Amino acid sequence: MSCATRPYVLLSCATSIDGYIDDAADQRLLLSNADDLDRVDAVRASCDAILVGAGTVRRDDPRLLVRSAHRRAERVAGGRPASPAKVTLTARGDLDPTARFFTAGESDRLVYCATGALEKTRERVGRLATVVDAGDPVDPDWLLRDLAGRGVRRLMVEGGGTVHAQFLAAGLADELHLVIAPFFVGDGRAPRFVGEGDFPWHPGRRARLAEARQIGDVVLLRYALSDRCADT
Ligand SMILES: NC(=O)c1ccc[n+]([C@@H]2O[C@H](COP(=O)([O-])OP(=O)(O)OC[C@H]3O[C@@H](n4cnc5c(N)ncnc54)[C@H](OP(=O)(O)O)[C@@H]3O)[C@@H](O)[C@H]2O)c1
C-alpha cells in the first residue's frame, strides 16, 4: 500500500521520565498538564478520527471528544462533525456498551473486530457503533485502508502501548508526539510506551526530531517518522 492511500497517522503519547504510560493503581494516572491537554485537544480537533485500543477503552474510559467549544464550533462551521469519529479495535470483543467511547457525544463510532468475536461484539455494542469484520488477526494496514475508504484522511492514535507498538513496528506512523512528564513511576507492573518489537527506527536509522517544545513542566518531542510529516 502506498502512503497516499492511507490516512496521515499521528501517534500521541505521554510518558513518565522512565517511560511508563500509566501506573499500576486503579486510578488513571495524569501525566500531562492543563496546557498540554489543551494542545492535545487542538490536535484532536485537526483530525477526522481518533483511535484507541480496547484496553484503553476498558482501563481509561475516555470520552475522545473535542473539549473546546470554540474548536467544536469551528469544525461544525467547516462542515465537519463537532468531534472526530471514534475508532477502536478488539480481538475478544470484551467491550462495555456503557463505556464513554459509546455514550459520550454524537461522533460516529467504529469497532474493528476480529472475525471470531464479531457476533458477540455486534450483540454488545452493535446498536451504538458500526462493528466492522476486520479479519483475524486485525491487520492495522488493512484497518487504515478501510478508514481511508470511509473518508478519514488524518488519524490520531492515542494508545495504548499495544496499539502504538503495532503501528510503529509496521511503519504505519507519520508523526509521533511524545510528552515527557517530570516524574518517575518506577513500577515494573505498570505499562510502558511500547514493549519489545522490531521497530524501523534503531541505532542505525535514527528518527528525525522535528520539534522539542517545553509546555510548562512537560516537554513535547515531535518526531517525523515519514516524509509526509512537515517540520512545523
Ligand atoms: N499515557 C498515555 O498517553 C496513554 C494513552 C492511552 C492509553 N494509556 C494507557 O495504556 C494502557 C492500555 O494499553 P494496552 O496496551 O493495555 O491496551 P491498548 O493498546 O489500548 O489496547 C489493546 C487491546 O486492543 C485490541 N487490539 C490491539 N491490537 C489488535 C489487533 N491487531 N487485532 C485485534 N485487537 C487488537 C485488543 O483488545 P481485546 O483485548 O479486546 O481483544 C488488545 O487487548 C492503559 O494503562 C492506559 O492508561 C496511556
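The values are calculated or read from the model by the stated rules, or taken from the named source; none is laboratory data. What you see is a predicted model; the values in this text were computed from it and never measured. Quick reminder, even Gly has a Cβ in these numbers, built from the backbone with ideal geometry, and neighbours come from all protein chains shown. All accessible areas refer to the heavy atoms of the entire protein, side chains included, with ligands and DNA or RNA removed. Shrake-Rupley method; radii C 1.70, N 1.55, O 1.52, S 1.80 Å.
Evaluate the relative contact order of the chain (contact order divided by residue number), counting alpha-carbon pairs under 8 angstrom at least 6 apart; express in whole percent.
Values: 463 pairs, mean separation 69.1, N = 232.
It rounds to 30 percent for the chain.
Residue 67: net charge of surrounding residues, Cβ under 12 Å, Lys/Arg +1, Asp/Glu -1, itself excluded? The partial results should precede the final answer.
Working: positive: 39, 44, 63, 71, 72; negative: 38, 41.
Computed value for this residue: +3.
So, with a 1.4 angstrom probe, what is the percent of accessible area on segment 115-168 that is carbon and sulfur? Don't skip to the end; give the middle numbers.
Numbers: 1210 of 2650 Å².
Looking at segment 115-168 in its full context, I get 46 percent from C and S.
Which percent of the accessible area of segment 182-232 is formed by carbon and sulfur heavy atoms (probe 1.4 angstrom)? Mind dumping the intermediate values first?
Working: 1820 of 3640 Å².
C and S fraction of accessible area: 50 percent.
In Å², what does the accessible area per residue of segment 70-130 work out to with a 1.4 Å probe? Walk me through the numbers before you get to the answer.
Details: 3170 Å² over 61 residues.
Accessible area per residue, segment 70-130: 52 Å².
Answer rounded, prolate or oblate for the chain, using the Cα gyration tensor with square roots of eigenvalues a ≥ b ≥ c: rounded when a/c is under 1.5, else prolate when a/b is larger than b/c, else oblate.
On the way: a/c = 1.26, a/b = 1.24, b/c = 1.02.
Taking the square roots of the gyration eigenvalues as a ≥ b ≥ c, the chain is rounded.
Students sometimes get this wrong: rank 106, 119, 158, 175 by accessible area, probe 1.4 Å, all chains present, largest first.
Details: 106 175, 119 140, 158 45, 175 15 Å².
My answer, sorted largest first, is 106, 119, 158, 175.
Rounded to the nearest 5, what % of the DSSP beta bridges within the chain are antiparallel ones? Spell out each step's value before the answer.
On the way: 15 of 42 bridges.
So the antiparallel bridges amount to about 35 percent of the total.
Quick one: with all protein chains in place, what share of the accessible area of segment 19-81 is carbon or sulfur, to the nearest percent (1.4 Å probe)?
On the way: 1590 of 3140 Å².
Of all accessible area on segment 19-81, carbon and sulfur atoms account for 51 percent.
Could you give the radius of gyration (one decimal) and Dmax (whole number) of the Cα atoms in segment 1-73, in Å?
Considering segment 1-73 through its Cα atoms, Rg and Dmax are 14.3, 42 Å.
With a 1.4 Å probe and every protein chain left in place, tell me how much accessible area residue 17 has, in Å² to the nearest 10.
Only protein atoms counted, so the area is about 90 Å².
Out of 169, 69, 148, any idea which swings most in a Gaussian network model of the chain, alpha carbons joined below 10 Å?
Highest fluctuation among the options: 69.
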